[in-house]
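Visitor: I'd like to ask some things about the structure below.
The values are calculated or read from the model by the stated rules, or taken from the named source; none is laboratory data. Computed from a predicted model, the values in this text were never measured in an experiment. Quick reminder, even Gly has a Cβ in these numbers, built from the backbone with ideal geometry, and neighbours come from all protein chains shown. The protein model used for the area step is the full one, side chains on, heavy atoms only, and it has no ligands, DNA or RNA in it. Shrake-Rupley method; radii C 1.70, N 1.55, O 1.52, S 1.80 Å.
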Amino acid sequence: MDRKIKIIQTLLLLFFFLNNLISVKTKIIDVSDQKFSTYNKYQLGSNDPVCDFKFEFLSPIASGLKFTSFYNTTGEPNIRNDSFIIFTVKLWNFPIGNFTGEVDNGEDILTINFNCLAIDFNNMKFRVYPNLRSNRFTDDGCAILIIDGLNGPLNGLQDPHAERAFSPISYNSFKIIIEPFYTGGNMEFNFFNVSDGGESWYNIIIPYLYESRGNSDEFSYQLETYPPGTTSYQVMGNGFGPLQTVSTQTTDIDPIIIFVNNDFSINEPKPIFSINGTTTYINPVGYLFVKNSNANVYVYYNETLRSSIGSNDIYIIEKFLVFNYIFVESHILLTPKGNLILTQFINVSKYDLSVYTYEIYDKGLLKETFPFGFEDGSNLKGFSLSISFLLPNETSKTRRFSIQPFNYFFNIPSPISVIKQPTLYSVDVIHLFEFKYLFQIQIDKTLMLKCFIINNKEYGHERLVAQSTSMDTFISTDYYTYEIVIDTFLHYPEIITYEDIYGYTQDFKIGEITSPKSLKRIPYPPKLQDVDIFSISDLSYLHQVVDITNKTVSNIIYFNFTKPIEKERVIGFQLLDRVSLNQIENDGIGKVYYSKWNSTIKLFQVEFEIPSNTQSGVIPWKLVFGGWSYIKDIVDGNLATLFSSYLSKSVQLTCISKNYDGYGPVINNLSVISTSLEVGLKINIYDPINGFKNGTIKISGELDSSTYIFYLEPTGQNYKRQLLRNEINVKLSSGDDKSGFYQLWIPIPLSCVPQNYSITYVELYDTQMNRAIFSENGNVVEPIQNPFINFMDFNNRIVPNFCSNTGGNTVPFLTDFQMYEFPNGVFNFNFTVTDLDSGIRIDQTPIIYISTLFFDSIKCYSKLFSQSSINTCRYTCSINVPYGFGFRSEFIFSVYGFINNLGYYSGYSSHTLGSNGWTNRYNGLIIDFMPDTMTITDTSTINEKGGLLWVLGSNFYKDFIDPNGNMYSSFVVYINYTETLNKYEQPPITVYSSAFSVMVNATTKPFIIYIMEFDMSGNLISISNKFTVVPKIFNISYDLPPTPTPTTPLPTNPPQLCFGEPICGGKNQGYCLTNVGCVCYSPWIGNDCSSQVIIIPQPKPNPNDPTTEIIITPNSTSTSNIQDYSFKSIVSLIGIREIDFNSKVVNEYYFEKWNLTKINNETNLYQTSIIVPPTTIDGISTTTTYINTTLQWFTKETNISFANQSLIMNPSTIKYTISFSNYNFKNQLNQLELIMSASLLSSKTNDICSGNEFGETNSIDNSNYLKIKVGDHSLYGRFIKRALIDGLPKSISNTILEKSEFNSLKTIDTTPHSDQLFIAISIPQYKEYVIIDPDFSLLIDHSKNSNSNNICTYSKSGLSSGQLAGIIIGSVAFVAVISISLAYHFVKKNNNKKLLNNIKNKLKVLN
């Protein structure tokens, strides 16, 4: 019975399962990314109240989807398998509102809800910061706009003016980009108001693009053209046209110089060096790639066009011309594996040493120069090309073969293949180190993958993972696994593109589903949350000002963020000065330093180096966060990047350099040298500041393309090893690294033909890796880095060779060609070459090209094995095929580069080799598996402290299967340290096929790392290459440069106007001095000389603190007219606080206990101290800062001097002299604020007004003044704008603070009879001590109380001040109406219609 029940239960379960399965197969499933932002989008822009959406739906393969209640919709099948298909649906321009849509496949209807949300603009506030790089003409933008108070992310601002643009850089933050020569001012933009459907316009003020930073009269220049005096110039190399330099002498450290070409294109010249205050800038002239062009150049300095330094027109003629050619024939051969060998034969009249480009549109590209493809001939007498390529025999679309510069196209006949849509089983993203991420991709093994394309770079089978040493590794599973290490410093990949050998491609986007079967998505980057770059805080440097004259300086930058960020997150730091940008490394990215979290000081820190002799002034830099920012969904590919120019001047890194060198070494002299058997060049390499480090020069024969490669290095200690026969090491023959001579010798055979030799390539580096480069064939085009700037005449680079032979017309030929295969993909080649006429040129190297599909090829450079006679040479060549090369394909062989002694060359394409019966292809076992040799290619950066080291390469991860079916690893890492000369075995920590990590010891010297692989019995199977790791040593000990005496003038007040009725109080109280303001006679004071200093008795000293309290009672002074009320003024020292560059308070100290010492009858000294906590940088113990305050009472007018400023002290004035001892700042960008309080109170509470002023005195005092007025009395404070800092007069600033900042203190209310102000005296960072010197007086005011911020009270009339104002205004208007009416009557009587109309208009205004 129980058995029957179980059977029934099983059948029921099976029924329900099948029923559900059938329903699932007809059901539509929403497989969209289940995030809030998928279904709820904020409007696209400020004036663009629409949203775009994207959804994904899973449906049976046989069904088609219909979309209802959708509009502006596109739906297309994205990914499919045998049962299901995923549709990607995109919705465009949906307005603000809530929406419901339906998806119907005929059997099921799915309803989804989505919302287009409006951004609330009612509470927004604008912040505009100048971009500190705006003084240079760049596209960095002139200012930064930050919008606060929005409820969602804003992707764009609409500007009605096309010449301006807002580029998003972070969350609701925009870079303002304007058209050239826009000089700043107001900028307007608009927001769409959802509530009323209208537009709201806003204005912001942006700074001037061109700061006026120097007197233009102090600007001098010298314009030079290279070559000099040129009106017509034939370029020396493709793209290397004439140059112009402007040398300036100006007080402006970085003047604005812009070259405007005759086609109105604009170039910003690059500074290349500075010596003795003169800076030279360089710029290319005219077009680079257009023949017969001319150029006219102008220079802008600040806002003025200096047309007087425009140059003459230069007629530019390109050097290279396309010679005549004839396509002879094409051959297509079907290989045993079913692929095609395409061979093209071409006859060409001449060869100009240029690069030829071979392309199969659009799936293959190869750029090669001689000897590839050169079958026979001579450069100047005509030659033939014969080129073979391996192609699949099917294609997804018509293929077209082309060769440039011949502009030849050939359609390749091949059948159209059946497209198999790729399936990615899974994609995993793993963070390794720095910005390196490991992408593990699994694909269907039946797919004929050519490559993955990520960040515009192709990754092929070299990234295929081998999981065991079994030969059936790649046929034992249903999928292949590829591991690809991506550097995301510039761009985190958003798309993984699959491309097969037939030309079919498909994109897989980050976050999208890769397979309907698994519904797995490509993951978003791990450990990368959004970053608000403007939440940076606590930014400082170990050394903010560094002297880098003739030395590289190590430094540290510290920072944090006010918004949460992962502490383990790596942040990239890169200097952007000219020298740092010139340092070509890291795939062209340049030198990047990476952060680490300092748990002791709770800050991120980056150790970095400032290169020697870079340009003085502010050193720009950027922080890169290596992942999507808040604007990821707005602007594809944008990374969160913080440029230092977005921040305030107080946090800029500054360098001092007596000399600047931003140009590579140049060739300063050229001369021809020769012997009976050699010809050559003697060159002088000149780099007077940094010095020459090393370089490469190639010289080629213009007839036979024979090439000699010279490696130059001054000392010869770092010579290139394992040279070929045409490679020569050269060291200094005379001079030094600043100006040295090198001799480049070319051997000439006894039997030779006359030909010239020319320099075709030069690459020179100085000690700071500034590069100078030249390429005659246009392979590299960097015209402003031309080392021949002093020798731009083409003839100066020719080495004449005077041989007497006229030569024959035979070419070298092969007599045999053999290929041998060895284990692990090693190929050996042996071949014999004969020339019966003149013999073989043995100092040249034939090259064997091993090619697979789509131009993918490797080169095997042969070596001379034997020479039986001058006419016959035997060569050998051995090469280890790289891991993954040619996987699942076959190889074809070609050999080129045989040169005889009379100027002729030859070579053999794969087709020609096969036609002669020699081995021309290979299709052995290597097509089904690849060699398992482990290869180390790179490592992470490590410093002298040691730690975790990541090693990159291929084929690291291996699992063996023992006879019992168990898997084990055979992986062992060895490290050889230079100090011990011993081998240390170190177990790896984390292992992937493409990367592993290992711990290394602290060391300051290079060490070697390699891997050994063992079998189950412990026998060695293989060993990797040995890779040398050089630790990066940061020498952070640095002698700070001496503090220079200020060369810039101390602050002075701007020109002042004279005020008062009469002006300056009349002739008895003062006089007006043009541009200075009112100069008052004692005891008168103020900007209009209407206030009189009250002569009062000296107040008694306060025994507790340096507070001055002065009480004035009726009849207590001779100048007061007080009848029955009193006044009390109080001046107090509150405390000091430390603030950072964002004006954020980081430490605050209130003064509590003072000690009083009487100096004399008029002078008293108060002393106190504060305890300062340890600094966050060096962690030293707490320190004590001592504060001394001297109060001096003046009974008569006295002239004093402070910080080189003369001052007049009036009678009855109290002067505060406040000094601080050394203070331990939290970081080097912080400063102090001394907080003072001043107040004035009156016992009279009715019929009285109070108010305050803060402004600038006349330009004799050069101070700020504070004035608190109650009734007819005022408390007057003067704050000089300078202080004595470490014994030197320096600038300080004074500001008024909000009273709300001091709610914890007992404050005085602002009323009609009392007022109180808090003053902050800002003190820049100092070392030893600082002294400041404010003073205060009480005044009787004889001027009218007319300030707009006055607060008044009135009691006699019983009316408020507002009512009184209404009555007064009404009375004035009534009188005006009566007056105008009388005038109207008079005018009517005189019939003056024009005057009548004017009067009517005035009446309208008054009403």
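Visitor: Within segment 841-869, how many residues are open to solvent by 30 Å² or more (accessible area, probe 1.4 Å) and touching a residue at least 40 places away in the same chain (Cβ under 8 Å)?
Guide: 6
Visitor: Got a sec? Which of L65, L44, L58, L18 is over 30 Å from S200 (Cα atoms), open to solvent by less than 90 Å² (accessible area, probe 1.4 Å) and at pLDDT 80 or above?
Guide: So the residue among L65, L44, L58, L18 that is over 30 Å from S200 (Cα atoms), open to solvent by less than 90 Å² (accessible area, probe 1.4 Å) and at pLDDT 80 or above is L58.
Visitor: Quick check on L432: is it in a strand (DSSP E or B) and at pLDDT below 85?
Guide: No; evaluated as a whole, the condition is false for this residue.
Visitor: I'd like to verify a number: residues in segment 154-174 that are at pLDDT 70 or above, open to solvent by less than 50 Å² (accessible area, probe 1.4 Å) and either among the basic types (K, R) or in a loop (DSSP other than H, G, I, E, B) (or both), how many?
Guide: Of the residues in that region, 5 qualify.
Visitor: Are there strands (runs of 3 or more DSSP E) fully within segment 668-734 with at least 2 residues that are in contact with a strand residue (DSSP E or B) (Cβ under 7 Å, 6 or more places away or on another chain), surrounded by 16 or more Cβ atoms within 10 Å (Cβ to Cβ) and among the charged types (D, E, K, R)? List them.
Guide: Fully inside segment 668-734 and qualifying: 692-701.
Visitor: Within segment 974-1001, can you find the residues that are more than 22 Å from E462 (Cα to Cα) and not in a loop (DSSP other than H, G, I, E, B)?
Guide: Y974, I975, N976, Y977, K983, Y984, E985, Q986, V998, M999, V1000
Visitor: Are there any pairs with C-beta distances below 7 angstrom linking a residue in segment 1065-1082 that is over 19 Å from V1093 (Cβ atoms) and not assigned by the TED database to the domain that holds L1207 to a residue that is open to solvent by 70 Å² or more (accessible area, probe 1.4 Å) and not β-branched (V, I, T), with the two at least 6 apart or on different chains, and if so which?
Guide: Every condition considered, the pairs that remain are N1075/P1055.
Visitor: Mind checking which pairs have a first residue in segment 1162-1174 that is in the same structural domain as N1147 (by the TED database) and a second that is of a type in the set (G, A, S), Cβ under 9 Å, 6 or more apart or different chains?
Guide: S1169/S1221; I1170/G1135; P1174/S1181
Visitor: Follow-up question, since we're still on this one. Conditions first: (1) under 29 Å from E1328 (Cα atoms); (2) open to solvent by less than 80 Å² (accessible area, probe 1.4 Å); (3) modelled with pLDDT of 85 or more. C1072 passes all but one, so which condition is the exception?
Guide: Of everything listed in (1) under 29 Å from E1328 (Cα atoms); (2) open to solvent by less than 80 Å² (accessible area, probe 1.4 Å); (3) modelled with pLDDT of 85 or more, C1072 misses just condition (1).
Visitor: Which strands (runs of 3 or more DSSP E) sit wholly inside segment 1135-1224 and have at least 3 residues that are farther than 22 Å from E1301 by Cβ and open to solvent by 60 Å² or more (accessible area, probe 1.4 Å)?
Guide: 1155-1158
Visitor: Still on this structure, please answer the following. So T876 fits all but one of (1) in a strand (DSSP E or B); (2) open to solvent by 10 Å² or more (accessible area, probe 1.4 Å); (3) over 21 Å from R921 (Cβ atoms); (4) at pLDDT 90 or above; what number is the exception?
Guide: Of everything listed in (1) in a strand (DSSP E or B); (2) open to solvent by 10 Å² or more (accessible area, probe 1.4 Å); (3) over 21 Å from R921 (Cβ atoms); (4) at pLDDT 90 or above, T876 misses just condition (3).
Visitor: Here is a follow-up. So for segment 548-555 (the condition being farther than 30 Å from Q785 by Cβ and either open to solvent by less than 20 Å² (accessible area, probe 1.4 Å) or not in a loop (DSSP other than H, G, I, E, B) (or both)), does at least one residue qualify?
Guide: No: zero hits.
Visitor: If a residue must be modelled with pLDDT of 80 or more, in a loop (DSSP other than H, G, I, E, B) and in contact with a helix residue (DSSP H, G or I) (Cβ under 8 Å, 6 or more places away or on another chain), how many such residues does segment 313-350 contain?
Guide: Total satisfying the criteria: 0.
Visitor: Here is a further query. Test each condition in (1) over 23 Å from Q344 (Cβ atoms); (2) surrounded by fewer than 17 Cβ atoms within 10 Å (Cβ to Cβ) for R888 and report the one that comes out false.
Guide: For R888, the exception is condition (2).
Visitor: Within segment 375-430, how many residues turn out to be of a type in the set (G, A, S), over 27 Å from Y498 (Cβ atoms) and open to solvent by 10 Å² or more (accessible area, probe 1.4 Å)?
Guide: 2
Visitor: Determine which member of the set I847, I892, I899, I879 is within 18 Å of F817 (Cα to Cα) and touching a helix residue (DSSP H, G or I) at 6+ places or on another chain (Cβ under 6 Å).
Guide: The match here is I892.
Visitor: Name every residue in segment 587-635 that is at pLDDT below 75, on the phi < 0 side of the Ramachandran plot and charged (D, E, K, R), in order of residue number.
Guide: K632, D633
Visitor: From the residues in segment 933-973 that are of a type outside the set (G, A, S), within 16 Å of I1023 (Cα to Cα) and part of a loop (DSSP other than H, G, I, E, B), which one is modelled with the lowest pLDDT?
Guide: Of everything passing the filter in segment 933-973, K958 is modelled with the lowest pLDDT.
Visitor: Please work out which residue is modelled with the highest pLDDT, limiting yourself to segment 907-932 and to residues that are in contact with a helix residue (DSSP H, G or I) (Cβ under 8 Å, 6 or more places away or on another chain) and open to solvent by less than 40 Å² (accessible area, probe 1.4 Å).
Guide: Ranking the candidates gives N920 first.
Visitor: Separate question: Keeping to segment 652-667, report how many residues are within 21 Å of F710 (Cβ to Cβ) and either among the polar types (S, T, N, Q) or part of a strand (DSSP E or B) (or both).
Guide: Number of matching residues: 2.
Visitor: Checking N638 against (1) modelled with pLDDT of 95 or more; (2) open to solvent by 20 Å² or more (accessible area, probe 1.4 Å): exactly one of these is not met. Which one?
Guide: It is condition (1) that N638 fails.
Visitor: Exactly one condition in (1) surrounded by fewer than 22 Cβ atoms within 10 Å (Cβ to Cβ); (2) farther than 26 Å from G338 by Cα; (3) not β-branched (V, I, T) is false for Y904; which is it?
Guide: (1) is the only condition that Y904 fails.
Visitor: Moving on to the next point. State whether one or more residues within segment 530-546 are of a type in the set (V, I, T) and surrounded by fewer than 17 Cβ atoms within 10 Å (Cβ to Cβ).
Guide: Checked against the condition, which is being of a type in the set (V, I, T) and surrounded by fewer than 17 Cβ atoms within 10 Å (Cβ to Cβ), segment 530-546 yields at least one hit.
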